[in-house]
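Enquirer: Take this structure first; my questions come after.
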Amino acid sequence: MTSSTLLLYMEQQAVLEGEAAVLEVVPDFKDGMAAVVLGRTLFYPQGGGQPFDQGWIKGEAGRFQVEEVRFQGGIVHHLGRPAARPFQAGDAVTLQVDGERRRLHSRLHTAGHLIDEAVWNLGLGWQPAKGVHAPGQSAVEYRADAVPAPDAAALIEAELNRLIRHGFPTRTELVSREELPKRARFVPDNLPLDKPVRLVTVWDERGLPCGGTHVADIREVGPVIIRYVKARKNMVKVAYELEAGT
Ligand SMILES: [Zn+2]
């Protein structure tokens, strides 16, 4: 059985190039795509509302374009359509993550956290529930008892952009599962059990558990537009996007 993939991006989220060894190649893993399993990876797999990275794995056997990255049972599967001769177990390869795609996802993902911070600072009393940080469909959802005020979107947008303009260097730290409730302001009940626990701080001293990728300083998010705030039953959805051309 293949052992767990070491998730390099957890501690080195700015590193987009590196080396790894091939552990296994599964010829027909999904939708006609092969899966390359490595001892360690820089590629972010789909999860936590953030889309997967894309990029390339290069070795003597050629270049493997990574079209999709999935995490299952501790193992990262890099999916793509290999050229004539796929990699073999033991091959040394170099990894190259598509930096433009990663950067966009990191900006959207960090913006999602900053909406949480804005909601908190405004004292709205909403509890974070879930989020999607993908281009064209980014939104965070909260549990809320009261119907949002008509100006909620404008207030959140103003506070959020105030934080971004101020700037803050983001921090990550691996912590134990036991330590988490003492260190995080909020611990979601759907925290994955097969990944290390990482505390992320994007503003102030309050941390939150998150395995996604973030910008180094929140200024890099750039201006964010709140598209709408919608209430449905006891949930509030805040949809957002990055200002065009930023
Ligand atoms: Zn995050």
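Enquirer: Check whether at least one residue in segment 88-96 is open to solvent by less than 40 Å² (accessible area, probe 1.4 Å) and either without any contact (Cβ under 8 Å) to a residue 40 or more places away in the chain or within 16 Å of the ligand (Cβ to nearest atom) (or both), and report yes or no.
Expert: Scanning segment 88-96 turns up no residue that is open to solvent by less than 40 Å² (accessible area, probe 1.4 Å) and either without any contact (Cβ under 8 Å) to a residue 40 or more places away in the chain or within 16 Å of the ligand (Cβ to nearest atom) (or both).
Enquirer: Let me ask something else about it. What about Arg183, is it of a type in the set (D, E, K, R) and open to solvent by less than 10 Å² (accessible area, probe 1.4 Å)?
Expert: Numbers: of a type in the set (D, E, K, R): yes; open to solvent by less than 10 Å² (accessible area, probe 1.4 Å): no.
So Arg183 fails the test.
Enquirer: Also, quick follow-up: Looking at segment 205-238, which of the residues that are part of a loop (DSSP other than H, G, I, E, B) and open to solvent by 70 Å² or more (accessible area, probe 1.4 Å) is nearest to the ligand (Cβ to nearest atom)? Lay out the reasoning, then the answer.
Expert: Kept after step one, since they are part of a loop (DSSP other than H, G, I, E, B), are these residues of segment 205-238: 205-206, 210-216, 222-223, 233-234.
The next check asks that each one be open to solvent by 70 Å² or more (accessible area, probe 1.4 Å); those that pass are 205, 233-234.
Working: Glu205: 16, Lys233: 26, Asn234: 25 Å.
Applying the filter and picking the extreme gives Glu205.
Enquirer: Take the conditions open to solvent by 30 Å² or more (accessible area, probe 1.4 Å), in contact with a His (Cβ under 8 Å, 6 or more places away or on another chain), of a type outside the set (A, V, I, L, M, F, W, C) and part of a strand (DSSP E or B) and apply them to Arg70. Does it pass? Break it down into steps so the answer makes sense when it comes.
Expert: On the way: open to solvent by 30 Å² or more (accessible area, probe 1.4 Å): yes; in contact with a His (Cβ under 8 Å, 6 or more places away or on another chain): yes; of a type outside the set (A, V, I, L, M, F, W, C): yes; part of a strand (DSSP E or B): yes.
Taking the combined requirement at face value, the residue satisfies it.
Enquirer: Can you pull out the residues in segment 26-54 that are within 15 Å of the ligand (Cβ to nearest atom), open to solvent by less than 10 Å² (accessible area, probe 1.4 Å) and in contact with a Gly (Cβ under 6 Å, 6 or more places away or on another chain)?
Expert: Gln50
Enquirer: So in segment 129-147, with the set limited to residues that are open to solvent by less than 30 Å² (accessible area, probe 1.4 Å) and of a type outside the set (A, V, I, L, M), which one is farthest from Pro188 (Cα to Cα)?
Expert: Applying the filter and picking the extreme gives Ser138.
Enquirer: Can you name the strands (runs of 3 or more DSSP E) wholly within segment 101-178 that have at least 2 residues being modelled with pLDDT under 95 and within 22 Å of the chain's Cα centre (by Cα)?
Expert: Numbers: elements: 127-132, 139-143, 171-175.
Passing ranges, in order: 127-132, 171-175.
The values are calculated or read from the model by the stated rules, or taken from the named source; none is laboratory data. In this text, all values refer to a predicted model and were calculated from it rather than measured experimentally. Here the Cβ is made from the backbone with ideal geometry for all residues, glycine too, and neighbour counts use every protein chain on show. What goes into the accessible areas is simple: the full protein's heavy atoms, side chains included, and nothing from ligands, DNA or RNA. Shrake-Rupley method; radii C 1.70, N 1.55, O 1.52, S 1.80 Å.
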